[in-house]
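Written below as structure tokens is the structure these notes are about.
The values are calculated or read from the model by the stated rules, or taken from the named source; none is laboratory data. Remember, predicted model here, so these are calculated numbers, not experimental data. Ideal geometry is used to build each Cβ from the backbone, glycine not excepted, and the neighbour counts take in all protein chains shown. Note: accessible area is taken over every heavy atom of the protein model, side chains too, but ligands, DNA and RNA are not part of it. Shrake-Rupley method; radii C 1.70, N 1.55, O 1.52, S 1.80 Å.
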Amino acid sequence: MTEPDQSTADGSPALRVDHLWKVFGPRADRIPGSPEGELSRAELRERTGCTAAVKDVSFEVEQGEVFVIMGLSGSGKSTLVRCLTRLIEPTAGEVSIGGQDVAALSTSDLRDLRREQVSMVFQHFGLLPHRRVVDNIAYGLEVRGEKKSERLARAQEVVDLVGLGGYESAYPDQLSGGMQQRVGLGRALAGDPSILLFDEPFSALDPLIRRDMQQEVVRLHREMSKTMVFITHDLNEALKLGDRILIMRDGEAVQVGTPDEVVGAPADDYVRDFVSEVPKSHVLTLRWVMRPPTSDDVLDGPALPVGTIVQDAARTVLRADRPVRVLDGDELVGVVTEDEILRVIVAEEDVA
């Protein structure tokens, strides 16, 4: 699969992963690049006793992007994210964060990377039960050696940022699950990392609280423009949060694309089944439903950007008495009428 260039203007992505492998089992380092490495996961395990949890995965993440890695249980997504900062040592391949080769870092440099550049938010909050909210949030700064007055001032800023104002002096057991996760999020943000890694942080929360926390991530990203790598098994969560999504199966990357690309052009039957029940009008943009203008079209009606979601465009299109122009910048790239909009909506009703 060919990846588009996701580099920043200076040519340096926030995160680059090249041909990453993590193999568990005897003599694991012989598997990458060998004929056995081409076997399915089941065949590899039967023949060698090894399991390829991550198999030849490559991708890049732009500065300020929310990149979602998703797949079912056992797909390798959590192992992958732990390999990024060598919480699990990769078997082969390269990881670069901010231009640094993570594999080449010394123990002390790797520790600095984890403390200062990359923060991780887990499903299990890991809060210190005997410490107040503000002290839990300040804990990473304490480990860095920052003065108490400075770290508490920074922690108070973050308390307000994550919506915990008024709970500074509360202890974890006095908080709901959602509020505890806000503390975990605040602790990750306090050190002002360049990258935030989320490993299924909301999967243990009740649905309503989970939705609130998803909205919180969206809000924080909008306000702070942090680079985020988000792990989930929930497709709706991936579509809601991700600028781009990597779908994994049996340790391999099956498809990388924007939400509308994954839903509109699934790479194979596995992805197609994954997205089959997604309301396409909530995800597809006008790029996927527009048609070329004809000589019969009157092109002085309303105009919408090509990236407009079909659901958001429906009211404008259905009210218009002529084709709605679809623009990419100032360029006319197509038109859309009620026929194209209704075709998507009716197809959803047929699926339901």
Classify region 189-284: rounded, prolate or oblate, from the alpha-carbon gyration tensor (a ≥ b ≥ c, eigenvalue square roots; a/c under 1.5 rounded; otherwise prolate if a/b is larger than b/c)? prolate
Sort LEU299, LEU164 by heavy-atom solvent-accessible area, probe 1.4 angstrom, most to least. LEU299, LEU164
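Please identify the longest segment of the chain free of exposed trypsin sites (Lys or Arg not before Pro), where exposed means a DSSP state other than H, G, I, E or B and no more than 13 other Cβ atoms within 10 Å. Walk me through the intermediate numbers first.
Values: sites that count: ARG27, LYS147.
No qualifying site falls inside 148-352, the longest such stretch.
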Relative contact order of the chain, pairs being alpha-carbon contacts under 8 Å that are 6 or more residues apart, as %: 17
Using the alpha-carbon atoms, what tilt in degrees (0 to 90, nearest 10) does helix 133-144 show relative to the longest principal axis of the chain? 70
Counting other Cβ atoms within 10 Å, keep those with at most 11, restrict to DSSP loop, and tell me which chymotrypsin sites (Phe, Trp or Tyr not before Pro) in region 173-271 are left. none
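In deg cm²/dmol and to the nearest 500, what is the mean residue ellipticity at 222 nm of the chain if only DSSP H runs of at least 4 residues count, each as -39500 (n - 2.57), divided by the residue total?
Numbers: 12 runs with 122 residues, N = 352.
One gets -10000 deg cm²/dmol as the mean residue ellipticity at 222 nm.
In what order, largest first, do SER281, SER40 sit by accessible area if the probe radius is 1.4 Å?
SER40, SER281
Exceeding 29 Å between C-alpha atoms, which entries from my cross-link table qualify? They are LYS22/LYS226; LYS55/LYS280; LYS22/LYS147; LYS77/LYS226; LYS77/LYS147. Provide the component values of the computation, followed by the final result.
Values: LYS22/LYS226 27 Å; LYS55/LYS280 31 Å; LYS22/LYS147 39 Å; LYS77/LYS226 21 Å; LYS77/LYS147 37 Å.
Among LYS22/LYS226; LYS55/LYS280; LYS22/LYS147; LYS77/LYS226; LYS77/LYS147, the Cα-Cα distance tops 29 Å for LYS55/LYS280; LYS22/LYS147; LYS77/LYS147.
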Classified through the alpha carbon gyration tensor (a ≥ b ≥ c as square roots of its eigenvalues; rounded if a/c is under 1.5, else prolate when a/b is larger than b/c, else oblate), region 57-125 comes out rounded
Just read off the accessible area of ILE88 with the full protein assembly in place, 1.4 Å probe, to the nearest 10 Å². 40
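Can you give me the orientation-averaged projected area of the convex hull built on the Cα atoms of the chain, in nm²?
Values: hull surface 88.0 nm².
The orientation-averaged projected area of the Cα hull of the chain comes to 22.0 nm².
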Using unit Cβ charges (K, R positive; D, E negative) and no other charged atoms, how large, in debye to the nearest 20, is the dipole of the chain about its Cα centre? 1440
